[in-house]
Amino acid sequence: MMSDRKIQNTLDEIVNTLEFMKTLGVAGVDCSSDILEVVKSWDRKPATEGQTLASVQQAYQDCRRCALSKNRSAIVFGEGDPHADLVFVGEAPGEQEDLQGRPFVGPAGELLTKIISAMKLTRESVYICNIVKCRPPSNRNPLPIEIESCSPILKRQIDLIRPKVICALGGFAARTLLSTDNSITMLRGRFHRYQGIRLMPTYHPAHLLRHPEKKRDVWEDIKKIMAELGATP
Ligand code: SF4
């Protein structure tokens, strides 16, 4: 029997494929908005009653579900508006984040804050979190077992916030959320689906610090998010 997660991933893949075919103008397959809405609604579930982001954070305040708990200074749960229309999801906390217990507060975080300001938003009006909540040693990529262990927290965060748009920051976050091996270069620039929510992958701010020439691409992705949210650049 398929697990709920596999069913959700399969539904997201169906929607992603239909939407991609729609952008290509494929004929012979019904990619109409009505059909897409029907498919998207198949696995829509309400957030668990009585739970809030604060209660979920409380429940995981001493989480030991994976080995990343051993060396962390703090769990970096996430922060921002619990009813945000836009959620940014990065990869994992770095050194500064681990020390302060807050997401995106190092140099890459400063750049993310500038991007949010350019959207005429504030950090307080969006929600910012990561795939895993504890810092991997030496900032290595999280292991599959660590992602699997931490995924219930992120899933619950998204279930409770139910944003209009998720922005996946970097290839790692995008590949994890979309259950794909495709590169960020292939994924960015168009909307996908995660748990039925529109998801735009773009380059991670840390990547932009090393490759400032990619800022133009990120701004193009951000403008699409703004249009989806009904805002103008
Ligand atoms: S990374 Fe996630 S699952 Fe692992 S210990 Fe930290 S909070 Fe728990």
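Laid out as a table, the results:
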{"quantity": "Selected residue (only one of Ala108, Ala168, Ala174 is touching a strand residue (DSSP E or B) at 6+ places or on another chain (Cβ under 6 Å) and either in a helix (DSSP H, G or I) or among the acidic types (Asp, Glu) (or both))", "calculated": "Ala174"}
{"quantity": "Qualifying positions in region 190-219 - within 15 Å of Leu112 (Cα to Cα) and among the charged types (D, E, K, R)", "calculated": "Arg210, Lys214, Lys215, Arg216, Asp217"}
{"quantity": "Residue match in region 175-197 (condition: of a type outside the set (Gly, Ala, Ser), within 16 Å of the ligand (Cβ to nearest atom) and crowded, with 17+ Cβ neighbours inside 10 Å)", "calculated": "yes"}
{"quantity": "Breaking point among (1) in contact with a His (Cβ under 8 Å, 6 or more places away or on another chain); (2) within 15 Å of the ligand (Cβ to nearest atom), for Pro136", "calculated": "(1)"}
{"quantity": "Conditions (1) in a loop (DSSP other than H, G, I, E, B); (2) among the basic types (Lys, Arg); (3) over 23 Å from Ile147 (Cβ atoms); number of the one not met by Lys114", "calculated": "(1)"}
{"quantity": "Number of the condition not met by Ser138 [criteria: (1) in a loop (DSSP other than H, G, I, E, B); (2) without any contact (Cβ under 8 Å) to a residue 60 or more places away in the chain]", "calculated": "(1)"}
{"quantity": "Flag if Arg135 is in the same structural domain as Phe77 (by TED's automatic domain parsing) and surrounded by 21 or more Cβ atoms within 10 Å (Cβ to Cβ)", "calculated": "yes"}
{"quantity": "Those residues of region 139-152 which are of a type in the set (S, T, N, Q), near the ligand (Cβ under 9 Å from one of its atoms) and over 16 Å from the mean Cα position of the chain (by Cα), in sequence order", "calculated": "Ser149"}
{"quantity": "Any hit, region 75-84, residues being outside any loop (DSSP other than H, G, I, E, B) and more than 12 Å from the ligand (Cβ to nearest atom)", "calculated": "yes"}
{"quantity": "Selection within region 88-124 - away from the ligand (no atom under 16 Å from the Cβ), touching a residue at least 40 places away in the same chain (Cβ under 8 Å), over 18 Å from Lys223 (Cβ atoms) and surrounded by 15 or more Cβ atoms within 10 Å (Cβ to Cβ)", "calculated": "Phe104, Ala108, Gly109, Arg123"}
{"quantity": "Some residue of region 58-72 being away from the ligand (no atom under 16 Å from the Cβ), buried (at least 17 other Cβ atoms within 10 Å of the Cβ) and modelled with pLDDT of 95 or more", "calculated": "no"}
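The values are calculated or read from the model by the stated rules, or taken from the named source; none is laboratory data. Model, not experiment: these values are computed from the prediction. Virtual Cβ from ideal backbone geometry, glycine too; neighbours counted across all protein chains shown.
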